[in-house]
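Here the structure comes first, spelled out in structure tokens, and everything after it is commentary.
The values are calculated or read from the model by the stated rules, or taken from the named source; none is laboratory data. Source: prediction; values computed, not measured. A quick note on method: Cβ atoms are made from the backbone with ideal geometry, for glycine too, and the neighbour counts reach across all protein chains shown.
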Amino acid sequence: MQCRADRSVAGGPTAISAIFQTQGLGATKRPRFDRNPPLCDHSPPRKGQGLRGSHYASLKPLYLNGSSRMLVTILPAFTDNYIFALNLCNGVAVVDPGDASVVARHLQEVGGQLRAILITHHHPDHIGGMARLSTQWPAARRIGPVDSRITGLTEWVHDGEEVVLDDDCVLRVMATPGHTRSHIVYLGKDQVFCGDVLFSLGCGRNFEGDAAQMLSSLEKLAALPDSTRVYCAHEYTLANARFASKLDPNNADLRQRVADIHDLRQRGLPSIPTNIGSERRCNPFLRCDDPSIWAAANRYAEEILPNRTAVFATLRAWKSAL
Ligand code: FE
Ligand code: ZN
């Protein structure tokens, strides 16, 4: 299936010391969503699970302060997408602006200039806002992978190259094919903006390329330091948690993680960012070598699977069939 799929609070961005802040939204300030949002992994969120509705109504953009000096604001879009706004010394960069109106509202609220757009892959829920934003901010850099399906870029980046946004924000490009053939992620000092490759407790669909390629991309991410914050582009975590729990019911780390996720979501907060250490302990797609995960895949496939690539392919097919 084709993927149909800081603001400065009072005192300025440097005054933000809390991990995040939320604030109620009045009806007139409620963000606008498009109908028919894209889906980049699987089934649509169940009622109350997505960002629409009461969870979202109490959600303002979230201000996250990493251990590096880069501040990341999470901007919900559509039903379950996240756009990430990076606070630069002279403005804002955004990752995967599927919806221009979400970014425009953020820029208006912070009074900031859009300096750069970073694209991970060509799907409309990730690039859909770029044309409008580049009309409004023609000087903004538009950076992404080489792929003719992404129009309007001003800079094309490749595996291993660096994107220097300012002195405190230098991102390294890593090629992560498998969701799409040209998918890339952007690595900061202690964070990764990973589009639709790795999700919290899950992974993206394997649209282009084979399972070995997708698994290789996931394993490159899994090899990052445990503390690396993972900014994935969708809020799929509760559905992923149900699948992971079914495969791995005796995983104590997973049980704790699921409890934490329920708590976050009940408070209207994103489950993002997650981190690599937690994903290595809890995400079944990063644990294909684990005997219990392997056994569950064998049961689903009704055969003894020969290697972890076959386990991964089976899990991905199983998840997609739900
Ligand atoms: Fe997506
Ligand atoms: Zn996608």
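Beta carbons closer than 6 Å, at least 6 apart along the sequence or on distinct chains, pair a first residue in the stretch 223-245 that is surrounded by fewer than 22 Cβ atoms within 10 Å (Cβ to Cβ) with a second that is outside any strand (DSSP E or B) and of a type in the set (S, T, N, Q) for LEU238/GLN49.
I want to confirm something. Restricting to the stretch 293-322 and keeping residues that are of a type in the set (S, T, N, Q) and loosely packed, with under 14 Cβ neighbours inside 10 Å, which single residue is nearest to LYS220 (Cα to Cα)? Filtering the stretch 293-322 for residues that are of a type in the set (S, T, N, Q) and loosely packed, with under 14 Cβ neighbours inside 10 Å, the one nearest to LYS220 (Cα to Cα) comes out as ASN307.
What's the total number of residues in the stretch 130-147 that are part of a loop (DSSP other than H, G, I, E, B), in contact with a strand residue (DSSP E or B) (Cβ under 8 Å, 6 or more places away or on another chain) and within 15 Å of ligand 2 (Cβ to nearest atom)? Count: 1. When the stretch 181-222 is limited to residues that are over 19 Å from HIS122 (Cα atoms), out of contact with any helix residue (DSSP H, G or I) (no Cβ under 7 Å at 6 or more places or on another chain) and polar (S, T, N, Q), the one that is surrounded by the most Cβ atoms within 10 Å (Cβ to Cβ) turns out to be GLN191. Entry remark, the stretch 299-316: residues being in a helix (DSSP H, G or I) and over 14 Å from PRO284 (Cα atoms) number 3 in total. When you scan the stretch 148-161, do you find a residue that is within 16 Å of ligand 1 (Cβ to nearest atom) and either in contact with a strand residue (DSSP E or B) (Cβ under 6 Å, 6 or more places away or on another chain) or at pLDDT 95 or above (or both), even just one? Yes: one or more hits. Taking the criterion of being more than 16 Å from ALA297 (Cα to Cα), among the charged types (D, E, K, R) and outside any loop (DSSP other than H, G, I, E, B), the residues of the stretch 233-255 that qualify are ASP253, ARG255.
Being in a loop (DSSP other than H, G, I, E, B) and away from ligand 1 (no atom under 16 Å from the Cβ) narrows it down to one of GLY112, GLY98, so name that one. Exactly one of GLY112, GLY98 is in a loop (DSSP other than H, G, I, E, B) and away from ligand 1 (no atom under 16 Å from the Cβ), namely GLY112. For the stretch 265-290, a residue qualifies if it is farther than 15 Å from LEU201 by Cβ and not in a helix (DSSP H, G or I), and the qualifying residues are ARG267, GLY268, LEU269, ASP289. When ILE261, ILE293 are checked against the criterion of being over 20 Å from MET174 (Cβ atoms), in contact with a Lys or Arg (Cβ under 7 Å, 6 or more places away or on another chain), part of a helix (DSSP H, G or I) and at pLDDT 95 or above, a single residue qualifies: ILE293.
Among the residues of the stretch 83-129, just one is within 16 Å of ligand 2 (Cβ to nearest atom) and surrounded by fewer than 19 Cβ atoms within 10 Å (Cβ to Cβ), namely PRO124.
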